[in-house]
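Here's the structure we're looking at; comments come further down.
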2 protein chains.
Amino acid sequence: MAKITARSPLAPEAFPDLPVIRGVRFASAAAGVRYAGRTDVMLAHLAPGSVVAGTFTRSATRSAPVLDCEAKIGGESDDGAAIIVNSGNSNAFTGRSGIEATQAVTGAVARALGLPEARVFSSSTGVIGEPLPWQRIVARIDDLAAALDEGGIDGAAQAIMTTDTFPKGAAATVHVNGGDVTIAGIAKGSGMIAPDMATMLVYVFTDAAIARADLQAMVSRATDRTFNCITVDSDTSTSDTLLMGATGASGVAVGPEDTAFAQALEDVFRDLAQQVVKDGEGATKFVTVAVTGAASDADARTHALSIANSPLVKTAIAGEDPNWGRIVMAIGKSGAAADRDRLTIRFGDVVVAERGWVAETYREEMGAAQMKRPEITIGVDLGLGDGRATIWTCDLTHGYISINADYRS
Amino acid sequence: MAKITARSPLAPEAFPDLPVIRGVRFASAAAGVRYAGRTDVMLAHLAPGSVVAGTFTRSATRSAPVLDCEAKIGGESDDGAAIIVNSGNSNAFTGRSGIEATQAVTGAVARALGLPEARVFSSSTGVIGEPLPWQRIVARIDDLAAALDEGGIDGAAQAIMTTDTFPKGAAATVHVNGGDVTIAGIAKGSGMIAPDMATMLVYVFTDAAIARADLQAMVSRATDRTFNCITVDSDTSTSDTLLMGATGASGVAVGPEDTAFAQALEDVFRDLAQQVVKDGEGATKFVTVAVTGAASDADARTHALSIANSPLVKTAIAGEDPNWGRIVMAIGKSGAAADRDRLTIRFGDVVVAERGWVAETYREEMGAAQMKRPEITIGVDLGLGDGRATIWTCDLTHGYISINADYRS
């Protein structure tokens with residue numbers, strides 16, 4: 001394993017002071033799945049009456065826990081629910097033993113908390129292709145159940161980390177229908193994929209009272225606009241999982257017409273998503289790629305991802321090089337509609353290129369000054385239509401190579 | 001500009017002894033387009049009666065010389081033809097001035113050699129977005145025309161290099177229809193894109209007598225099976241150009257039924273394509289990704305490119321890490337059909353994974369031994385159908401980051 005010693009230069013100053021979500025309790029423990037000297041399992045319990053929604057990786061080789069979650073999500077139940085997560089081993093590409101391991105862990109949680117197995121969701125993140133030492137996790141379930149605490153979310157955020165250099169949390173409170181509801185979430189991820197296939201996991205909770213189908217619709221929409229708009233290295237994991245639980249403990253009912261709640265939810269998702277990018281492997285720059293004027297939103301997204309995933313664009317940013325030619329290249333190769341002579345390219349508010357050539361007002365030092373910032377915006381207007389998309393990414397540095405190549409597994 | 005000091009460890013021992021192609025003459029010169037102390041322009045002249053075929057980048061932001069070639073290719077003519085190439089400046093994204101510069105250069109060649117302008121093809125490779133100093137090239141045209149020589153192909157291979165660490169040449173002689181015909185070609189490229197957008201250029205010549213349409217069909221087919229099967233960094237250039245001229249000087253007629261000729265042509269193309277990969281920026285490993293058993297050839301190609309372009313697969317190879325989990329990941333994310341439990345993965349002849357899990361016979365040291373080789377084959381069988389594809393690529397190393405990030409333009 002690579003040693004990750006330094007905290008990302010893009011990390012927030014401190015972990016946020018997350019509010020308690022009534023009806024959700026957390027516990028974490030050191031089970032020794034793979035790491036020594038740190039917590040690596042977290043358990044969350046949601047009170048009876050809670051609903052759970054989720055979104056999952058579309059990888060054709062997704063892990064056993066993801067397949068198990070997909071089979072369970074969407075069921076209605078008045079029972080409580082639980083989420084059990086381990087780091088250190090992803091239980092992916094583990095054949096028949098992977099399914100058995102997932103069932104052993106979720107079964108143990110169900111027995112300890114008096115829940116149906118169908119209400120216990122699990123995630124695993126870490127090395128791929130090695131059998132999950134599920135006995136080590138099961139051995140800690142009773143302790144975890146006994147330690148459940150409304151204030152335990154900070155420890156949970158720590159326990160799910162793999163090569164993350166900082167734990168990730170975000171929260172919002174929104175006034176809706178005469179009452180206050182609160183949202184709090186945690187995430188892990190250091191790149192879309194970190195070494196050994198550790199990947200992105202997100203758990204978000206609210207005390208709003210909301211129908212499961214409505215929650216799922218909000219979660220899916222917000223995921224598309226946040227987590228599905230980030231990329232570190234274009235590599236999609238076998239384990240990506242987002243689960244959201246709503247306990248109803250606030251007594252405030254929320255429905256699809258409550259756009260303030262949906263907006264607050266999206267804000268929390270976006271905050272967590274951007275923290276994942278800021279902890280991207282080796283990242284030294286946070287980059288917003290904003291594409292407008294495309295023939296369609298889908299075309300805008302294709303262009304934005306082509307720019308954000310281009311190794312040459314990402315290495316230019318790492319070198320603080322305002323190399324707009326590489327952006328032209330990435331637009332050209334994307335496959336979506338583009339007209340060279342209608343393109344406008346901006347770094348921040350500096351117009352770099354327009355009408356098929358470098359802008360008359362542009363000077364190299366203007367672009368160079370933009371590139372020195374820790375947070376950079378690349379703006380592209382295609383001049384073709386109303387399609388728009390925004391993607392968040394980071395640069396590609398020696399740090400990424402060191403983390404992913406400079407060791408033997 | 002990055003300093004490229006070391007010859008690629010994957011370079012051939014020496015430039016091959018290329019045979020003379022009767023009817024083609026070459027010259028090269030130092031015009032000072034961007035580089036000092038080296039040649040940077042090459043001129044090739046094809047005798048009257050020659051036919052010319054070509055394939056070009058499909059980038060939506062392709063360069064002025066590419067657009068000019070596309071407009072000219074396909075015309076029939078009894079005149080001779082010429083190819084003029086400069087390195088140091090790609091004349092891409094240069095607006096109206098780019099077209100004027102291309103016309104100035106091709107026009108000067110046409111006048112010097114007594115050719116119609118429609119028979120003068122050009123390429124430019126190097127920095128993007130800066131006006132081509134065409135006057136410096138035009139100033140050398142008369143000297144180039146006077147120096148044309150049948151033995152000048154070695155100098156031509158040198159003059160078209162940008163960040164290449166070695167010149168690239170390949171040749172074949174094939175007995176067909178009672179006579180011998182010869183094929184010889186040169187290429188440049190150090191990655192699909194080298195720093196500052198220098199890109200892949202290929203020029204191949206034969207003394208076979210062949211109809212233009214037949215030559216174009218063979219060139220297109222061979223390109224699909226060779227140059228379109230390589231990737232260094234997934235970044236597609238704005239300047240990729242392949243031109244092939246047939247002089248007929250051998251007096252041997254070749255048609256579409258002459259599969260030996262088509263095969264020799266493909267062999268020369270593949271040799272040059274693999275040399276480009278072996279000179280990939282920072283490359284230390286040459287990797288063949290061979291996918292079989294896919295639902296279709298297109299699916300096989302999608303999987304093979306997903307593996308070959310994955311930063312995590314490429315960094316694992318750089319680290320000599322037999323990290324087959326990342327190959328599972330790349331298959332899972334590709335979007336093409338895959339069944340986790342039917343997958344077989346091999347390193348060389350070592351079966352690593354099968355039936356959804358690590359192979360019972362596999363030991364880590366077997367994979368590690370494969371990874372130590374300079375040339376590595378990753379074999380994937382999907383177990384779904386007869387689709388197959390092979391892609392050639394290289395690893396992703398600190399050298400790539402150094403070349404592309406560790407300098408300011």
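For chain B, modelled as a GNM whose springs connect Cα atoms under 10 angstrom apart, the maximal fluctuation among B:THR61, B:THR292, B:THR344 occurs at B:THR61. Contact-buried residues of the range A:332-374, at a threshold of 20 Å² lost accessible area versus the chain by itself: A:GLY332, A:LYS333, A:ALA338, A:ARG340, A:GLY356, A:TRP357, A:GLU364 (1.4 Å probe; DNA, RNA and ligands ignored).
What size of dipole, in debye to the nearest 20, comes out for the protein assembly as shown about its Cα centre when the only charges are +1 on Lys and Arg C-beta atoms and -1 on Asp and Glu C-beta atoms?
Details: 70 positive and 96 negative charges, 131 e Å.
Roughly 640 debye, rounded to the nearest 20.
Of B:ASN177, B:ASN228, B:ASN86, which has the largest mean-square fluctuation in a 10 Å C-alpha GNM of chain B? Maximum among the listed residues: B:ASN177.
Can you tell me what share of the DSSP beta bridges in the range A:253-409 is antiparallel? A percent to the nearest 5 is fine.
Working: 17 of 24 bridges.
Expressed as a percentage, antiparallel bridges in the range A:253-409 total about 70.
Taking amide hydrogens as placed 1.01 Å from N in the peptide plane, the amide H of B:VAL176 sits under 5 Å from those of B:VAL181, each at least 5 positions away in sequence or on another chain. What residue among A:MET366, A:VAL350, A:ALA60 has its Cα farthest toward the positive end of the dipole of chain A, where the charges are +1 on Lys, Arg and -1 on Asp, Glu, each on the Cβ? The one lying farthest along the dipole's positive direction is A:ALA60.
Karplus-derived 3J(HN,Hα) values for the range A:330-343, using 6.51 cos²θ - 1.76 cosθ + 1.60 with θ = phi - 60°, are 5, 5, x, 8, 5, x, 7, 5, 7, 10, 3, 8, 10, 5 Hz; glycine and proline are entered as x. Between identical copies, the spacing of A:ASN177 label points, each set 7 Å from Cα toward the C-beta atom, reads 8.2 nm from nearest to farthest. Between A:ASP349 and A:ASP78, the simple label model (points 7 Å from Cα in the Cβ direction) yields a spacing of 5.9 nm.
Assuming a ≥ b ≥ c are the square roots of the Cα gyration tensor eigenvalues, decide whether the range B:339-395 counts as rounded (a/c under 1.5), prolate (otherwise, with a/b larger than b/c) or oblate. Judged from the Cα gyration tensor, the range B:339-395 comes out oblate (a/c at least 1.5, b/c at or above a/b). Computed from the Cα positions only, the extents of the range B:108-171 along the three principal axes stand at 35, 34, 21 Å, in decreasing order. So how much accessible surface do A and B hide from each other in total, probe 1.4 Å, in square angstrom to the nearest 100? Using a 1.4 Å probe on protein heavy atoms, the buried area is about 5200 Å².
Taken one residue at a time, the phi angles of the range B:57-70 give Karplus couplings (6.51, -1.76, 1.60, θ = phi - 60°) of 4, 9, 3, 6, 10, 5, 7, 4, x, 5, 4, 5, 4, 4 Hz. Gly and Pro are set to x.
For A:ILE230, the residues whose modelled amide H falls within less than 5 Å of its own, excluding neighbours fewer than 5 places apart on the same chain, are A:TRP392.
Using 0.36 nm per residue, how much length does the chain from A:ARG373 to A:ALA298 gain when fully extended, once their Cα-Cα distance is taken away?
On the way: separation 75, 0.36 × 75 = 27.00 nm, distance 2.93 nm.
Extending this stretch completely gives an extra 24.1 nm.
Counting only protein heavy atoms, what percent of the accessible surface of the protein assembly as shown is carbon or sulfur at a 1.4 Å probe? Mind dumping the intermediate values first?
Values: 13380 of 27610 Å².
Using a 1.4 Å probe with all protein chains present, the protein assembly as shown comes out at 48 percent carbon and sulfur.
GNM remark for chain B: springs join alpha carbons under 10 Å apart, and the peak mean-square fluctuation among B:ASP142, B:ASP267, B:ASP279 falls on B:ASP142.
Placing unit charges on each Cβ (+1 for Lys and Arg, -1 for Asp and Glu) gives the protein assembly as shown a dipole about its Cα centre, and among A:ALA156, A:ALA92, B:TYR400 the Cα reaching farthest toward its positive end belongs to B:TYR400.
Calculate I(q)/I(0) for the range A:286-405 by the Debye formula, one identical point scatterer on each C-alpha and no solvent, and give its log10 at q = 0.14 Å⁻¹ to two decimals. Ignoring solvent entirely, the Cα scatterers give -0.53.
Using only alpha carbon pairs under 8 Å that are at least six residues apart, calculate the relative contact order of chain B and give it in whole percent. For chain B, the relative contact order is 18 percent.
For A:ILE403, the accessible surface of its heavy atoms amounts to roughly 20 Å² (probe 1.4 Å, protein chains only, rounded to the nearest 10).
With every protein chain left in place, what is the accessible area per residue of the range B:286-405 in square angstrom, probe 1.4 Å?
On the way: 4120 Å² over 120 residues.
Per residue, the range B:286-405 has 34 Å² of solvent-accessible surface.
About its Cα centre, how strong a charge dipole does the range B:334-394 have in debye, to the nearest 20, once Lys and Arg get +1 and Asp and Glu get -1 at the Cβ? Let's see the in-between values first.
On the way: 8 positive and 10 negative charges, 26 e Å.
Its charge dipole is roughly 120 debye.
Here the alpha carbons of chain A define both size measures, Rg and Dmax, at 21.9, 71 Å.
Magnitude of the Cβ-charge dipole of the range B:24-278, K/R +1 and D/E -1, about the Cα centre, nearest 20 debye?
Working: 18 positive and 28 negative charges, 110 e Å.
The dipole magnitude comes to about 520 debye.
The angle between the Cα long axis of helix B:212-225 and the longest principal axis of the Cα atoms of chain B comes to about 30 degrees, rounded to the nearest 10.
Annotation: amide H-H contacts under 5 Å for A:ILE376 (H modelled 1.01 Å from N, sequence separation of 5 or more, or interchain): A:PHE286, A:VAL287, A:THR288.
Put a dot 7 Å past the Cα of A:ASP180, heading toward its Cβ, do the same for A:ARG38, and the two dots end up 3.4 nm apart.
Keeping all protein chains in position, work out how much accessible area A:ASP386 exposes to a 1.4 Å probe, and write it in Å² to the nearest 10. The value for A:ASP386 is about 140 Å². Please give, to one decimal in nm, the separation of the simple spin-label points placed at A:SER220 and B:ASP142, each 7 Å out from Cα toward the Cβ. Going from the A:SER220 label point to the B:ASP142 one covers 7.4 nm. Calculation over all alpha carbon pairs of the range A:1-107 in 10 angstrom steps from 0 returns a P(r) of 11, 33, 37, 18, 1 percent. Each of A:PHE121, A:VAL268, A:GLY37 was placed along the dipole of chain A (beta-carbon charges, centred on the mean Cα), and the one lying farthest toward the positive end is A:GLY37.
Based on alpha-carbon centroids, what's the gap between the range B:2-56 and the range B:308-358 in Å, whole number please? Here the two parts' Cα centres lie 38 Å apart.
Net charge near B:THR94, counting Lys/Arg +1 and Asp/Glu -1 over other residues with Cβ under 11 Å of its Cβ? Kindly include the intermediate steps, with their values, before the conclusion.
Numbers: positive: A:ARG340, B:ARG96; negative: B:GLU100, B:GLU130.
Net charge around B:THR94: 0.
In nanometres and ascending order, the distances from the A:ASP339 label point to those of the other copies are 4.8 (point 7 Å from Cα along Cα→Cβ). Distances between equivalent label points of B:ARG225 across the copies, with each point positioned 7 Å along Cα→Cβ, amount to 5.1 nm, shortest listed first. In vacuo Debye scattering of the protein assembly as shown, one point per C-alpha: log10 I(q)/I(0) at q = 0.07, 0.09, 0.11 Å⁻¹? Here the Debye-derived log intensity ratios amount to -0.56, -0.86, -1.17.
The values are calculated or read from the model by the stated rules, or taken from the named source; none is laboratory data. Keep in mind the model is a prediction, meaning the values are calculated, not measured. Counting neighbours? That spans all protein chains shown, and the Cβs are built from the backbone with ideal geometry, glycine included. Note: areas computed on protein heavy atoms with side chains; ligands, DNA, RNA excluded. Shrake-Rupley method; radii C 1.70, N 1.55, O 1.52, S 1.80 Å.
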